[in-house]
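Below is one structure; the comments refer to it alone.
The values are calculated or read from the model by the stated rules, or taken from the named source; none is laboratory data. Everything numeric in this text was worked out from a predicted model, so none of it was measured. Quick reminder, even Gly has a Cβ in these numbers, built from the backbone with ideal geometry, and neighbours come from all protein chains shown. Ligands, DNA and RNA are excluded from the accessible area calculation, which covers all protein heavy atoms including side chains. Shrake-Rupley method; radii C 1.70, N 1.55, O 1.52, S 1.80 Å.
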2 protein chains.
Amino acid sequence: MDSDYGIPRELSDIQKLRSTYQPQLPPCLQGTTVRVEFGDATTAEDPSGAHTISRTFPHTYGQPLVHFLRATAKVPDAQIITFHPAIRVGVVFCGRQSPGGHNVIWGLHNALKIHNPNSALVGFLGGSEGLFAQRTLEITDDILATYKNQGGYDLLGRTKDQIRTTEQVNSALAACIALKLDGLVIIGGVTSNTDAAQLAETFAVEKCPTKVVGVPVTLNGDLKNQFVETNVGFDTTCKVNSQLISNVCTDALSAEKYYYFIRLMGRKASHVALECTLQSHPNSVILGEEVSASKLTLFDLTKQICDAVQARADQDKYHGVILLPEGLIESIPEVHALLQEIHGLLRQGVSLDNISSQLTPWASALFEFLPPFIRKQFLLFPESDDSAQLSQIETEKLLAHLVEAEINKRLKEGTYKGKKFNAICHFFGYQARGSLPSKFDCDYAYVLGHICYHILAAGLNGYLATVTNLKNPVNKWRCGAAPIMAMMTVKHYGRGPGASSIGKPALHPAAVDLRGKAYELLRQNATKFLMDDVYRNPGPLQFDGPGADAKPVTLCVEDQDYMGRIKKLQEYLDKVRTIVKPGCSQDVLKAALSAMSSVTDILSVMSSFSNSGQTPS
Amino acid sequence: MDSDYGIPRELSDIQKLRSTYQPQLPPCLQGTTVRVEFGDATTAEDPSGAHTISRTFPHTYGQPLVHFLRATAKVPDAQIITFHPAIRVGVVFCGRQSPGGHNVIWGLHNALKIHNPNSALVGFLGGSEGLFAQRTLEITDDILATYKNQGGYDLLGRTKDQIRTTEQVNSALAACIALKLDGLVIIGGVTSNTDAAQLAETFAVEKCPTKVVGVPVTLNGDLKNQFVETNVGFDTTCKVNSQLISNVCTDALSAEKYYYFIRLMGRKASHVALECTLQSHPNSVILGEEVSASKLTLFDLTKQICDAVQARADQDKYHGVILLPEGLIESIPEVHALLQEIHGLLRQGVSLDNISSQLTPWASALFEFLPPFIRKQFLLFPESDDSAQLSQIETEKLLAHLVEAEINKRLKEGTYKGKKFNAICHFFGYQARGSLPSKFDCDYAYVLGHICYHILAAGLNGYLATVTNLKNPVNKWRCGAAPIMAMMTVKHYGRGPGASSIGKPALHPAAVDLRGKAYELLRQNATKFLMDDVYRNPGPLQFDGPGADAKPVTLCVEDQDYMGRIKKLQEYLDKVRTIVKPGCSQDVLKAALSAMSSVTDILSVMSSFSNSGQTPS
């Protein structure tokens, strides 16, 4: 099995050209001297969870934010790390493959070798299972040659997403000790980075010298919070999907006789669907977050789509493109409840044939109402994170089926007078996530790889590598690291088997912020998109020329730079301290006291509003 | 409805850049003076059908081949057309949208205006229905501006594929007369060009002055014969599909746990599947033509795939990518027979619920054996060309289902000892055919548009525009025209409702030539592809740099240049005539007689072998 990994491959011409692309580094990471500035100790975003988080992570909670600065940066307290001993670092791919993952390894390898040619990087073969089994491959320039700027995770492979059970954590610990690792870099999404945090804490408890570092790589784009603006792989996935969606839009406009229902991979949250909508302007998108917030039922959704079909028919339009996130199905309240019941029974070992009869009466009624193909998919065993097997549930077919039935009913009743409704269904996912990574993802991943080295060089444990100000050019990017625990929240309620995670601190997939600017942009254009067919065609993924340097629309419209503002605030506080030094005038001191008293009052009141679950972004 | 058509659109940056791309013209079409050389009168490829074809097309059968040459070409009999009166030409999109279609219109418009600025081009809005209803849009430079080198058919739209019934033909005739058209250009595939030929004959009978010209535009690549090397749209479709297939291959190699079954759009023939295999090297492809030739049953295919899965499991490989053409399902003998029975009953008006009970016992047994989702898809009403609704029948799911069942059986019996078999199914079609066209398709379509003008300027009726020697650079392309009737064959046998076309001359979709070089290339590599995962990633469609100038592999490996050889032969015959002039020596004459007598004997014998239905290519 190992023989597949890390082998040199024959590249196509475009792959060869891509393998020669050298991502830029932001100024702070150029050269071999980097200044590390430690910011304030971090808290958890959700104050009500802070206590639980601090108890769960006694050794790693409350660590400071870290900024990496140019050696020449004029920051008084920053350290310059000048001694770079040879270190051994392990790296593992966790979770679903995302375009750009290979560049994290390349960046890390490059940084290691620049600072000490005797440092070594070992990759674990076959993901977390390779970590447990200590199957490794030493990463060299030769091995990297045909994987630079290339898609997939096939340099090392991946298996399961989990490093969670006691047995798994102990195997990981044993591997790190046996291989004498100074650092372990975990490349993954929400679940994998939660595991990374737990591993960091366990290692600290066990006095294992290996420091654990996480890297935000997930095509879902749902590892998003104050410190993380976007994830490696999200840009590429959205670009490839948008290419295909706009091809379908062109198709719709040419024949004018089909409604295309397209489901997009992206797990629970609807980031991919939102981004693709803003890139390609299909007629409609139904975000899971909207459905959750408005508690829309399957019938509401059917009616909503039928009304749109009818409004378009009134304008003599019989085609359209509708996007659905794969997580939509779990956002529909009555379907979610049904899935929770089914998953509960499955976990109890109830056989498939008996599930229906053991459901509560209302759940059974809903189940029997559904078409057979969906019933079968609902009976699939849930994933390790308690969610349904979203990639297997054909929500697009279910909705197309319900809409067709409803339109036919309206046709009979005479309330719809248009032509026959025809649907074509698609699922876009696997065909995007193996793509050659976009320039943005190549750069972002490579820089994150470099940051991983600096985190380890600074001796930090339980941190996630971060780059902020990403919407600006690479030379404006800010590099840093944030303790993973500072991104955690604690769920206090929930139902069904998923309730097992209640009360445990974890990273949770960030939902699309319905108060954010990206969603606002969608709302402003929704009617125009729906009625006017203003399809936009960003074209196939390019590496040069127009569009090659495009970044996610959602990244660019949001005003994120949280890390920049944290720094700015520090500067203001320092300035006040400098002005109001002992010896300053009484009046100045009085004014400062009065002003700061009012500021602290306002902030105390604001902080006491419990966070409603929406991650600010 | 018309309001959608021909409107200027806002283009994305890459679309804008593409719209500025100016396709090259081969030397023979440059400038305003083109020499027209008439070759020998054409026959039909299938001698046994020639009589029927000549009877069906008394006015248009037997017309000569036409070559367009440089004004300076030294060909004695060629005419130079110097008088270019203003003409009115109509153009209509027929059948499925193929990338590049818009460029035929652009090329035609450009040629018309270059030769006489008073000439006019009118497009029919909404395909053949627009033709019948005389809904037109005058094509101008302004209107073309945002459609140059762009995908889809949305400049004019399309509807049905047919101009066939007496009513339809009469409507088309009335439209051409009412609009005073000198020419009608029909852009389409096999079906549409058969209709174009019929229309040309009818117009000739009715003494309608409108000349009919066909253009080979179909993503299926199945309008292929001595005169036509490939079709507009095929290159783009295969490139976009190959991009997605290689992404899936990368995905397979990263997780190593899924078998991907990918069905490709392309109608009856397997050209798209073959080309995509040669571009992206998936583990396996099952061509409909192979299955037909070997009469493989559903069980044979299942066994074949299971054996491959087992062989790979022996090497500890549990992933793979298998391509299936959408036409495969009809190539499986027992399934074809079942579909024919079902279609017969559907045409008789038997209700869906009663179909199963009215099938012959063996057909009923097969039907009941199939999973419910496939049964439902088999009951769909057949297409206008008598084939099943291939885009709706999920053959990939059927095979994945059967393979899974068989592997589980082998697992129980202990003959398969590997890990669980997991399949993921995809259908790639609609998402490719709306793509921005490749450079090759842009060029090919534009040149064909120019040729349409020259066909009309030469007063020809019932011709298809042709470009040969396509695998060489544009400046080596040979431009010509061939009577559509010369490409026809007559089917003499068949069963089921499809039998209605028996005895009628028509263009038939060319099957993949199992004796051709492209198929040979596949066979040579089949084992390596199957076992060694030599996946090739041609990357996303590019317009510049590596891969941008790539052409279909199947086009490049085949040694086609039929038109070039026809010309060469003419040159040899002329040379003999020049040498053996009256007055030459007795010996020379005797030698010539003897040699030519032997040549004619050999050729007579060879020609009498009835064509076995395989199109030489």
Task: Qualifying trypsin sites (Lys or Arg not before Pro) for region B:38-93 [loop in DSSP, other Cβ within 10 Å: at most 14] - done: B:74
Task: Sites residue B:419 and residue A:334 - FRET efficiency at Förster radius 30 Å, r taken between beta-carbons, to 0.05 - done: 0.25
- [ ] Let me know the shape class of region A:1-77, please: from the alpha-carbon gyration tensor, a ≥ b ≥ c as square roots of the eigenvalues, rounded when a/c is under 1.5, otherwise prolate if a/b is greater than b/c, or oblate.
- [x] oblate
- [ ] For residue A:358, place a label point 7 Å out from Cα along the Cα→Cβ vector, do the same in each other copy, and report the separations in nm, one decimal, smallest first.
- [x] 4.5
Task: Cα centre as origin, Lys/Arg/Asp/Glu Cβ charges: chain B dipole, Debye - done: 680 debye
- [ ] Over the whole of B:328-337, what's the average partner chain Cβ count within 10 Å per residue? Rounded to a whole number, please.
- [x] 0
Task: Separation of the residue B:165 and residue A:24 label points, Cα + 7 Å toward Cβ, nm - done: 6.4 nm
Task: Local net charge near residue A:580, Cβ-Cβ under 12 Å (Lys/Arg +1, Asp/Glu -1) - done: +2
TODO: For the A and B pair, go ahead and give the buried accessible area with a 1.4 Å probe, both sides summed, in Å² to 100.
DONE: 4600 Å²
Open item on the list: How would region B:345-440 be classified by its alpha-carbon gyration tensor: rounded, prolate or oblate, with rounded meaning a/c under 1.5 and the a/b versus b/c comparison settling the rest?
Closed with: oblate
- [ ] Would you calculate, for the protein assembly as shown, the mean residue ellipticity at 222 nm contributed by helices, counting each DSSP H stretch of 4 or more residues as -39,500 (n - 2.57) and dividing by all residues, to the nearest 500?
- [x] -14000 deg cm²/dmol
Task: Shielding by partners - mean other protein chain Cβ count within 10 Å, residues of A:315-321 - done: 2
Task: Residues of chain B: accessible area per residue with a 1.4 Å probe, Å² - done: 39 Å²
- [ ] Mind jotting down a quarter of the surface of the convex hull over the alpha carbons of region B:152-293, in square nanometres, one decimal?
- [x] 11.4 nm²
Open item on the list: From the Cα trace of the protein assembly as shown, what convex hull volume per residue do you get, rounded to a whole Å³?
Closed with: 209 Å³
Task: Accessible-area composition of region A:160-248, carbon plus sulfur, in percent [1.4 Å probe] - done: 53 percent
- [ ] Just tell me the longest site-free run in chain B, where the sites are chymotrypsin sites (Phe, Trp or Tyr not before Pro) in a DSSP loop having at most 16 other beta-carbon atoms within 10 Å.
- [x] B:84-492
Task: Residues of region A:554-589 with amide N under 12 Å of a point placed 7 Å along Cα→Cβ from residue A:601 - done: none
Task: Which of B:17, B:72, B:340, positive extreme of dipole for chain B (C-beta unit charges) - done: B:72
Task: Hypothetical label at residue A:544: residues of region B:537-553 whose amide nitrogen lies under 13 Å (7 Å Cα-Cβ projection) - done: B:542-549
Open item on the list: At a threshold of 8 angstrom on Cα-Cα distance, excluding pairs fewer than six apart, so keeping six or more, what relative contact order does region B:1-150 reach in percent?
Closed with: 29 percent
Open item on the list: Relative contact order of chain B, please, whole-number percent, based on alpha carbon pairs below 8 angstrom and at least 6 residues apart.
Closed with: 21 percent
- [ ] Between beta-carbons, use under 11 Å as the cut-off and find the net charge around residue B:224, counting Lys and Arg +1, Asp and Glu -1.
- [x] -4
- [ ] Find out how many positive minus negative residues lie around residue B:435, taking Lys and Arg as positive, Asp and Glu as negative, among other residues whose Cβ is under 12 Å from that of residue B:435.
- [x] 0
Open item on the list: With respect to the axis carrying B onto A, what is the closest chain B residue by Cβ position, and how many angstrom separate it from the axis?
Closed with: B:540, 2
Open item on the list: Based on the alpha carbons, how large is the Rg to Rh ratio for chain A when Rh follows Kirkwood?
Closed with: 0.99
Open item on the list: Taking a point 7 Å out from Cα toward Cβ as the label site, list the nm distances between residue A:577 and the same residue in every other copy, smallest first.
Closed with: 10.2
Task: Neighbour cut-off at most 12 other Cβ (10 Å), DSSP loop, trypsin sites (Lys or Arg not before Pro), region A:253-342 - done: A:295
Task: Förster radius 56 Å - calculated FRET efficiency between residue A:409 and residue B:13 (Cβ-Cβ, nearest 0.05) - done: 0.80
Task: For the protein assembly as shown, share of DSSP beta bridges that run antiparallel, in % to the nearest 5 - done: 40 percent
Open item on the list: Can you list the copy-to-copy distances for residue A:333, using a point 7 angstrom from Cα toward Cβ, in nanometres, shortest first?
Closed with: 6.0
- [ ] Towards the positive end of the charge dipole of region B:185-325, with charges on Cβ (+1 Lys, Arg; -1 Asp, Glu), say which of B:188, B:219, B:306 has the farthest Cα.
- [x] B:188
- [ ] With 27 Å as the limit, write out which pairs from A:471/B:148; A:239/A:528; A:376/B:239; A:439/B:16; B:439/B:517; A:439/A:476 have Cα-Cα distances beyond it, or answer none.
- [x] A:471/B:148; A:376/B:239
Open item on the list: List the aspartates and glutamates whose Cα sits under 20 Å from the Cα of residue A:568, skipping any in the same chain fewer than 8 residues away.
Closed with: A:37, A:40, A:45, A:77, A:229, A:558, A:559
Task: FRET efficiency, 1/(1 + (r/R0)^6) with R0 60 Å, evaluated for residue A:475 and residue B:297 via beta carbons - done: 0.40
Open item on the list: For region B:112-202, which trypsin sites (Lys or Arg not before Pro) pass both filters: DSSP loop (anything but H, G, I, E, B) and at most 12 other C-beta atoms within 10 Å?
Closed with: B:180
